Amino acid sequence: MPQHCESCRMPLAAGTYCPRCTDDRGLLIPFEALHVELTHRVMVRNEGMSRAEAQEIARQLMAAAPAWTNHPATADPREPRDPR
C-alpha cells in the first residue's frame with residue numbers, strides 16, 4: 001500500500017512529505033502557500049470549477065492530512081465554533 005504525504009495526501013514513495021510541500025531545506029511550507037498550490041491543482045484537474053469550490057476542496061484535503069489536522073483554517077466553516 002502506498003504512503004501518502006502527511007501534508008497534501010498525495011501518493012508518496014517514501015518519507016513524510018512530498019517535494020511540493022517542502023522548501024529547499026526539507027521544511028514544511030506554510031499552510032497558506034500550500035492551500036494556494038492545492039487550489040490551483042484542483043482547478044487544473046477540474047476545468048470549469050469555481051475558485052471557491054476548489055478552495056473548499058483544498059481545505060478538506062488539508063483537514064484530512066496529519067500535518068494540518070489542528071490548524072484553525074482547516075475547521076469546517078459550516079460547523080459552530082466552540083466559544084471557549
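Which members of region 1-52 meet the condition of being among the small types (G, A, S) and either at positive phi or within 11 Å of the chain's Cα centre (by Cα) (or both)?
If we filter region 1-52 for residues that are among the small types (G, A, S), which is where we start, we get 7, 13-15, 26, 33, 48, 50, 52.
Of everything in region 1-52, those that are among the small types (G, A, S) and either at positive phi or within 11 Å of the chain's Cα centre (by Cα) (or both) turn out to be S7, G15, G26, A33, G48.
Screening region 7-31 for residues that are touching a residue at least 12 places away in the same chain (Cβ under 8 Å) and assigned to a helix (DSSP H, G or I) and picking the one that is farthest from N70 (Cα to Cα) gives R20.
If I filter region 53-75 down to residues being within 20 Å of H4 (Cα to Cα) and surrounded by fewer than 17 Cβ atoms within 10 Å (Cβ to Cβ), which single residue comes out as farthest from the chain's Cα centre (by Cα)? Write out each step before concluding.
Step one: list which residues in region 53-75 are within 20 Å of H4 (Cα to Cα), which gives 57-71, 74.
When the remaining residues are screened for being surrounded by fewer than 17 Cβ atoms within 10 Å (Cβ to Cβ), the result is 60, 63-64, 66, 69-71.
Working: Q60: 7, A63: 7, A64: 8, P66: 10, T69: 10, N70: 12, H71: 11 Å.
If we take residues in region 53-75 being within 20 Å of H4 (Cα to Cα) and surrounded by fewer than 17 Cβ atoms within 10 Å (Cβ to Cβ), then N70 is farthest from the chain's Cα centre (by Cα).
Quick note: the coordinates plus some simple rules give every number you see, no bench work behind them. All figures in this text were calculated on a predicted structure; none of them were measured in a lab. Virtual Cβ from ideal backbone geometry, glycine too; neighbours counted across all protein chains shown.
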